[in-house]
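The block underneath contains the structure these notes are about, expressed in structure tokens.
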Amino acid sequence: MITRRQVEMAAAQSGFRPDSVEKVLHLCAILGRLDRHPTTREAWVLKGGTALNLLHLDVPRMSVDIDLNYVGAIDREAMLAARPGFEAALVAVCEREGCTVKRAPHEHAGGKFRLRFVSVIGGSQNLEVDVNYVARVPLLGSERMTARFPPDESIEVPTLPLVELAAGKFTALLQRSAARDSFDAANLLRLQPGLMDNEGFRLAFVCNMGGGRTDPRDLVPKDLVPDLTALRQQLIPML
């Protein structure tokens, strides 16, 4: 189990706030357990801001949500048959990590779980796990990468290639204009200056936007300006 000393040492080494560090330590422990569990192993890939920041961007910010694509079955009927067992294993993994698990109301075709755990530094903390059951076939394949945080551990997880993660991030930026998306997008362009010309990125971006609810033809520049209150409350504390 995670200890107060472990949290304080990781916070001192990284410069991040202890409460954010504790969340990420639990998040990484859950991912490690999911990768070892016989029911969930090889049935998911990590995506989203957590995949970008922990695996590719050298942790410029803390990302405290677990976003997964289910890849355990391509066929829809096979996925539906396997889903209850996968989710039961997911809940069991989270409970072994000391979390109470509450299933969120059904949203779209995914599964969302809200986790709560007693913090070693006082009070309680929350995490979210979001499983997408639609994108069951990665467009550009998958790969295994080692997380860059915690600094003294080596947690290897399955994930999407960088260009497909980037396409998802830029799609999210256009669809919701969150401050964290602007921050991640800017870091991606610094890491990969030629990203916009990458064929894999363009393919994944078009597919993501085509399957979303936002029509890019309706967007105007002011739609991409993040809310300053959200920037102060949601992004800056994670830096």
Which labelled figure in (1) 27, 24, 17; (2) 30, 19, 17; (3) 33, 23, 18 is semi-axes √(5λ) of the Cα gyration tensor in Å, once derived from the coordinates = (1)
Can you find, among Leu189, Ala167, Met238, the residue farthest towards the positive end of the dipole of the range 162-238? Put +1 on the C-beta of Lys and Arg, -1 on that of Asp and Glu.
-> Met238
Nearest-20 debye value, the range 162-238 charge dipole, Cβ charges on Lys, Arg, Asp, Glu = 200
Scoring only Lys, Arg, Asp and Glu (+1, +1, -1, -1) among other residues with Cβ under 15 Å from the Cβ of Arg202 yields -2
Would you list which lysines come within 18 Å of Lys23, measuring only between C-alpha atoms, while excluding same-chain residues fewer than 8 positions from it?
-> Lys47, Lys102, Lys112
Go through the range 122-132 residue by residue and turn each phi into a ³J(HN,Hα) via Karplus (6.51, -1.76, 1.60, θ = phi - 60°); whole Hz please, and just put x for glycine and proline.
-> x, x, 9, 10, 10, 9, 10, 10, 10, 10, 9
Amide H neighbours of Glu128 under 5 Å, counting only residues 5+ apart in sequence or on other chains, H built in-plane at 1.01 Å?
-> Ile66, Leu115
Amide H contacts under 5 Å for Ala43, restricted to residues at least 5 apart in sequence or on another chain and with H modeled in the peptide plane, are none
Test item: Cα-centred dipole of the range 1-160, Lys/Arg +1 and Asp/Glu -1 on Cβ, debye | 280
Once you've got the GNM for the chain with C-alpha springs shorter than 10 Å, pick whichever of Thr146, Thr39, Thr229 has the biggest mean-square fluctuation.
-> Thr229
Sorted by average packing, counted as other Cβ atoms within 10 angstrom per residue and highest first, what order do 10-23, 172-185, 207-220 take?
-> 172-185, 10-23, 207-220
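Readers should treat all values here as calculations from the given coordinates under stated rules, not as data from a laboratory. Keep in mind it's a predicted model, so treat the numbers as computed, not measured. No Cβ is skipped: glycine too gets one built from the backbone with ideal geometry, and neighbour counts run over all protein chains shown.
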